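Worksheet for the structure shown next.
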Amino acid sequence: MSVLRRFFEISPSPTDTPELALAQWRALSRQVPLMYIMLVANTLILAWTHLDAAPIELTVYIPAALTAICLLRTITWWRSRERVLDPSRVRAKLRGIIWSGAAVALGFTAWSFSLFPYGDAYLQSQIAFYMGITTIGCMFCLMHVRVAALVVGICVLGPFTVFFSATGEETLVAIAINMVLVVAVLLIILLSNSRDFADLVDSRSAIARRQAETLRLGEENQRLANMDTLTGLPNRRSFDRHLATVLQEAELEGRRIVVGRLDLDGFKSINQIFGQLAGDRVLVEAARRIESLRRADSFVARLESNTFGLILVEPIDRQTLVHAGEVLCGAMRLSFEQPEGVIRLTASAGFAVSEPGDTGDQLFDRADYALSAAKREQRGSSVIFSEVHAKEISRVRQMEHLLYSADLDDEIYVVLQPQYDVSLGATTGFEVLARWRSPVLGEISPAEFIPMAERTGRISNVTQSVLRKALAISRTLPPSIRLSVNLSANDIGSTTAIEQIVALFERGRGPCQIDFEVTETAAMRDLKQANQSLLTLLGLGARIALDDFGTGHSSLTHVQQLPLHRIKIDRSFVAEVTNDIASRAIVKTMVDLCRNLGISCVFEGVETEEQLQALVALGGTVMQGYFFGRPMAVDEVDAYLQRERTRRSREDRAAG
Ligand code: C2E
Ligand code: CA
Ligand code: CA
């Protein structure tokens, strides 16, 4: 009984998991047709052996009807084996099997018993054998839905035991007992088999679920790895991959594509002024605006903090591209309304059209160059990479190569620009400015080759060459005249470069007449290292001036931390001092600052008498600029100083 209880209690059908119901359905749809074929065959054999003994209704009509029902069911099952059903329908069908199984079992049992009175002992034994073996066969076929197997077993075995026991015939009673035993054992085996089947299905569906989860996670990772999480746009990695693919396709089809870079100008200061959250929201909104302008076949990505990348695959002429650039940059000029305030910015863009044989990197670099040209020359609008840019690039490359292989001591020469102290009425020093005369390219401005030397790691050689010349010149000058040599960020950021400078000083003995100029940005790059380098230079007897003051982002507290003897106020303030009250106020503050710090103050770029008067009125004393003298060749310095001496003695005589 407990077996029966367990059988029903833990019966997985038809209420168990959808996966199990489906698996049962699949197994049954293979086995049930076989079961019906076996049932029909056995029934026909039994009817045939009773043909002469029993009436025609029992041997032909009823078996024919039962066979027809079975064949109908067989066809239905056979057809349904390929059908995809949803779990709830499968459950309903499984429940149906239980009832139809009971009905079929009872029908066949009743028919079998109806034949019993007509046969002799052999035929009666055949009926018992037919019922027993067929029931076992059917239960076996239904084993995956054990409730159905049990119902069939009970529907046949119950009446079977009662019927044959009631005959009082020993052989038949024995057969009934055999039958009960066999079916009991069969039920136990079915119980464990169907449990194994359920476990198997469970573990298979668990594996399938895990696989699906792994696949989902993999896809999610893939999506995240290719997406910029802030804006939801594709990221740089995805951009590079997409570019390689579309470029290859375009190459095969002989088409051209366009790569664009769009940069939000001065974005760093938005973060500083409005905070990073506001900055992030601006980026999200900028991404939305670009995305809304995108054509379906174009591609937009966020490449880095405030730079977006575009790939246009449709054929586009120059005129349309110019227009697209205007629309894009125009969309960025619309104000960004934020809780922190209204943010206004501009965006610059660079475009490059692909050439046959281009790699993604080459195309991207050209768009990048066009972007820097836009930033340099037409901030807030777009530039398309052109032949002129290609020539510029090849000139820069050639220049880089020439600078790298140049004999710097031979090709670099210096010019000197006087620094004039108004209060003394005399030149107190000269700034040493480097010039490069390339045998191939001719004269090249320091504004061009100094940044290049910094970029290519050649700058400390340039510095040493200039310093060697400055040291040589200083020996020919009156002891009161000092020479100011410019140092770059790489010089003061490197202990080796400073050691090389010290070595040069040690070679040329005598009182030091050399000063150094460093820019704020160079000093701020690594304040600690800069401080150390400057202290070493001070130890040589040199003095330090802070160049281009007012153009960087350094604060006055930083200035106080450096061992400075002088500040050089950038010429942008001097240019405005005569016509801008704000510039005058700034200049006044700077003069006061220097006085408070006990250091001197030099004004750069003094070009006119008016500027000089304005600066003197604000307390300025030391001046440098075209008004006092343009940078001059070394051999002109003597004559310059001589002229000054003559002028002074004339003035002294006139005064005296
Ligand atoms: P800087 O150190 O600010 O040098 C001053 C620049 O302003 C020089 O340009 C000078 O010719 C120019 N200048 C002087 N007075 C006036 C004026 O009244 N009006 C105008 N409009 N300009 C004036 P230069 O010689 O072309 O040098 C450009 C920059 O190149 C320098 O700016 C400096 O940063 C760098 N540089 C020059 N020589 C060296 C060097 O030997 N080493 C390093 N590291 N940098 C150097
Ligand atoms: Ca300078
Ligand atoms: Ca300067």
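General remarks:
- For region 325-360, the residues whose backbone nitrogen is under 11 Å from a point 7 Å from the Cα of Arg256, taken along Cα to Cβ, are 352-356.
- Surface accessible to a 1.4 Å probe, per residue, for the residues of the chain, Å²: 51
- With θ taken as phi - 60° and the Karplus curve 6.51 cos²θ - 1.76 cosθ + 1.60 applied, the whole-hertz 3J(HN,Hα) list for region 628-641 is 9, x, 7, x, 10, 5, 4, 6, 8, 5, 4, 4, 4, 5 Hz, x standing for glycine and proline.
- Per principal axis, descending, Cα span of region 2-210 in whole Å: 63, 37, 18
- Cα-based Rg of region 236-385 normalised by 2.2 N^0.38 Å, two decimals: 1.04
- Cross-link reach list, aspartates and glutamates versus Lys93, counting only Cα pairs under 18 Å and skipping chain neighbours closer than eight places: Asp16, Glu19, Glu82
- Counting only DSSP beta bridges whose two residues both lie in region 236-385, roughly 90 percent are antiparallel.
- Computed FRET value (nearest 0.05) for Thr229 with His401, which takes r as the C-beta separation and R₀ as 45 Å: 0.60
- Only alpha carbons enter this Debye calculation for the chain, each as an equal point scatterer, and the log10 of I(q)/I(0) it gives at q = 0.12 Å⁻¹ is -1.24.
- Measuring only protein heavy atoms, the 1.4 Å probe finds Met399 accessible over about 0 Å².
- Solvent exposure, largest accessible area first (probe 1.4 Å, DNA, RNA and ligands not counted), of Cys141, Cys329: Cys141, Cys329
- Cα-based helix-to-principal-axis angle, 276-293 vs the chain, degrees rounded to 10: 70
- The chain, relative contact order in percent, only Cα pairs under 8 angstrom and at least six apart counted: 8
- Set Lys268/Lys528; Lys528/Lys568; Lys528/Lys588; Lys268/Lys568 screened for pairs whose C-alpha atoms are more than 28 Å apart: Lys528/Lys588
- Checking every one of the trypsin sites (Lys or Arg not before Pro) in region 78-155 against DSSP loop status and a limit of 12 other Cβ atoms within 10 Å picks out Arg83.
- Sum of -39500 (n - 2.57) over DSSP H runs of 4+, divided by residues of the chain (222 nm, nearest 500): -20500 deg cm²/dmol
- Heavy atoms of Glu604: accessible area, 1.4 Å probe, square angstrom to 10: 30
- Percent of beta bridges antiparallel (DSSP, the chain, rounded to nearest 5): 60
- Difference of contour (0.36 nm per residue) and Cα-Cα distance, Ile581 to Arg89: 168.3 nm
- Separation of the Arg289 and Ser165 label points, Cα + 7 Å toward Cβ, nm: 9.3
- Rounded, prolate or oblate (a/c below 1.5 giving rounded, otherwise prolate when a/b exceeds b/c) for region 572-625 by Cα gyration tensor: oblate
- Surface share of carbon and sulfur [accessible, 1.4 angstrom probe, percent] for the chain: 57
- Rounded FRET efficiency, nearest 0.05, which uses the C-beta distance separating Thr495 from Leu424 and R0 of 56 Å: 0.90
- Classification of region 142-190 by its C-alpha gyration tensor yields an oblate form. The axis ratio a/c (a ≥ b ≥ c) is 1.5 or more, and b/c is at least a/b.
- Spread over its residues, the convex hull of the C-alpha atoms of region 200-325 is 147 Å³ per residue.
- With all protein chains modelled, accessible area of Val182 [1.4 Å, Å²]: 70
- In this label model, Tyr61 and Phe113 are separated by 2.1 nm, measuring between points 7 Å along each Cα→Cβ vector.
- Converting phi to 3J(HN,Hα) with the Karplus coefficients 6.51, -1.76 and 1.60 and the offset θ = phi - 60°, region 480-491 yields 7, 8, 10, 10, 9, 9, 7, 10, 9, 4, 5, 5 Hz in sequence order, with x at every glycine or proline.
- The calculated FRET efficiency for the pair Thr646 and Tyr626, based on their C-beta separation and a Förster distance of 25 Å, comes to about 0.70.
- The dipole here belongs to region 2-210: it is taken about the Cα centre, uses +1 on the Cβ of Lys and Arg and -1 on the Cβ of Asp and Glu, and is about 1140 debye.
The values are calculated or read from the model by the stated rules, or taken from the named source; none is laboratory data. Just so we're clear, the structure is a prediction, and the values are computed from it rather than from any experiment. Note: ideal-geometry Cβ built from the backbone for every residue, glycine included; neighbour counts use all protein chains shown. Remember, those area values only see protein heavy atoms, side chains included, never the ligands or the DNA or RNA. Shrake-Rupley method; radii C 1.70, N 1.55, O 1.52, S 1.80 Å.
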